[in-house]
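Trainee: Quick one: structure below, then a few questions.
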Amino acid sequence: QSLDALKKTAELMNNSYVPTGFGSIYYYMANYEFQKGNDPTSLLEQSRNSLQKSIEIDPANYEPYGYLGRDETLAARWAIKSGKSPAAFFESGRKAFLKSIQLNAEEAGFYQLYADLLRREAEWRLSQNQSASEPISTGLQIIQKALDLDSTASEAYALQGTFYLLKAEEQKDKDLISKSKVSLEHALKINQWLKKDYQAVLDKANHFFQTS
């Protein structure tokens, strides 16, 4: 209740950054519930509503579009976990990220978040025995743009390595596995906190390299 009251007061300021901030708060709450195995749908809807309010106030602000894309990525992950198709969320997420990039093509963070959505889409397509070549190739282009803008972004290297591995799986290409290992090892070397999410990916790349 206190959060809702604060939100109503803040929205009277008619500043697009205020509802954008609330959108992020609701997203992090939704992600927390997702990590516990709980349905994040209602919190994601509140996040979307706040971000849409921000867009109404200032349609030229790129941030709410990027955060909408992040909401759709989490919604897609929940759909997959629930045994439902995430296709609609991937589509809406792509549109949101592309709009954000159209408004500001120099924000490395949103390229990285867009690449994360494409990684999830590629993995889902492969799990459904569908071609993942398009999200993989697009993802490699997008993550390279993130690295061009910020060469210190450790998770961008991890995502790059993940895409190389996904591409190697599709094409049975040992050279791509080597590139995957280089990117992943570099990412984990400069940021050991990434081991929680990417050590298993590196282990898989090492296994494929040894057995291919």
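The values are calculated or read from the model by the stated rules, or taken from the named source; none is laboratory data. All values reported here derive from a predicted model rather than from experimental measurement. No Cβ is skipped: glycine too gets one built from the backbone with ideal geometry, and neighbour counts run over all protein chains shown. Ligands, DNA and RNA are excluded from the accessible area calculation, which covers all protein heavy atoms including side chains. Shrake-Rupley method; radii C 1.70, N 1.55, O 1.52, S 1.80 Å.
Trainee: Using the crude model of +1 on Lys and Arg Cβ and -1 on Asp and Glu Cβ, and no other charge, please compute the dipole size for the range 146-212 relative to its Cα centre, in debye to 20.
Mentor: 240 debye
Trainee: Sticking with this structure for a sec: Taking 0.36 nm per residue of separation and subtracting the Cα-Cα distance, what length does fully extending K95 through Y17 add? Intermediate results must be reported in sequence, preceding the final value.
Mentor: Working: separation 78, 0.36 × 78 = 28.08 nm, distance 2.09 nm.
In short, 26.0 nm is gained.
Trainee: How do S178, S100, S127 rank by accessible surface area computed with a 1.4 Å probe, from largest to smallest?
Mentor: Accessible-area ranking of S178, S100, S127, largest first: S127, S178, S100.
Trainee: On C-alpha positions alone, give me the angle between the axis of helix 2-11 and the longest principal axis of the chain, in degrees, nearest 10.
Mentor: Roughly 80 degrees, rounded to the nearest 10.
Trainee: Report the gain in length on full extension from D173 to Q52: 0.36 nm times residue separation, minus Cα-Cα distance, nm rounded to one decimal.
Mentor: Result: 39.2 nm gained on full extension.
Trainee: Now for a different question. On a straight-distance basis, which lysines could pair with K181 in a cross-link, Cα separation under 17 angstrom, same-chain partners fewer than 8 positions away excluded?
Mentor: The qualifying lysines are K167, K172, K189, K195, K196, K204.
Trainee: Also, quick follow-up: Taking Cα atoms of the chain, Rg/Rh with Kirkwood Rh, to two decimals?
Mentor: Looking at the chain, the ratio lands at 1.01.
Trainee: Just read off the accessible area of D148 with the full protein assembly in place, 1.4 Å probe, to the nearest 10 Å².
Mentor: Approximately 110 Å² of D148 is accessible to the 1.4 Å probe.
Trainee: Moving to a separate point now. Which value, in Å² rounded to 10, gives the accessible area of E185 with a 1.4 Å probe and all protein chains present?
Mentor: Roughly 90 Å² of E185 is accessible to a 1.4 Å probe.
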